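Each value in this text was obtained by applying a stated rule to the coordinates, not by laboratory testing. Treat the numbers as computed from the prediction; the structure is a model and nothing was measured. So basically every Cβ, Gly included, is an ideal-geometry build from the backbone, and we count neighbours across all protein chains shown.
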Amino acid sequence: MLPRPDSRYGLSKAFSEALASLYADKHEIGFLCVRIGNFGTRPIDKRRLSIWISPRDLTQLVRIGLEHPDVRYEIVYGVSNNQRSWYDNSNAYRLGYKPEDNSEPYAEAVLAAEPSNPDPIAERYQGGTLPAAEYTAKTPPA
């Protein structure tokens, strides 16, 4: 998927992926770029129910990046097997990723603790509060 950074932090990540692509092509260095949604022992809010990755699943992706013989330049999403996931992670599955965790067992408690009036910009974007902090557009992009 084409990069669409939602903050300066996201822009720095997109630059890093482009730099990895350059080095993979020019110097035959292998890169597995992992777009980590949210790493932690459990998701802590509604947005993170979609983008969470457990320590066990991230460890599996890192091992694939270090050990898979066919990784030259790949981009995958660092998410567990979340029912609410926003991403098509077929690249990771093609490389053998088999996530063992899912955010759904945490959903009831997380949703019960959600504020009644969340920030719609923070809820919409991968970067959460980072893009919301500088957001001035009247209409969010589709």
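Within straight-line reach of residue 98, meaning a Cα separation under 30 Å, sit the following lysines at least 8 residues removed in sequence or on another chain: 13, 46.
For the pair residue 139 and residue 104, label points projected 7 Å from Cα toward Cβ lie 3.6 nm apart.
Find how many whole Å separate the alpha carbon centroid of segment 1-46 from the alpha carbon centroid of segment 82-142. Computed from Cα coordinates, the inter-centre distance equals 16 Å. Averaged over residues, the count of other Cβ atoms within 10 Å places the peptides 116-122, 71-77 in the sequence 71-77, 116-122, highest first. Dipole orientation for segment 8-133: of the candidates 64, 105, 12, 12 has the Cα lying most toward the positive pole (charges on Cβ; Lys, Arg +1; Asp, Glu -1). Between residue 4 and residue 124, full extension at 0.36 nm per residue minus the direct alpha carbon distance yields a gain of 41.9 nm. Each Lys and Arg contributes +1 and each Asp and Glu -1, all at the Cβ; summed about the Cα centre of segment 8-133, the dipole is approximately 180 debye. Checking the a/c ratio against 1.5 first, then a/b against b/c, what shape does the Cα gyration tensor give for the chain? Verdict is oblate for the chain. Taking each residue as 0.36 nm, the span from residue 66 to residue 15 lengthens on full extension beyond its C-alpha to C-alpha distance by 16.2 nm.
Among 115, 99, 55, which one shows the highest mean-square fluctuation when the chain is modelled as a Gaussian network with alpha-carbon springs under 10 Å? The residue with the greatest mean-square fluctuation here is 115.
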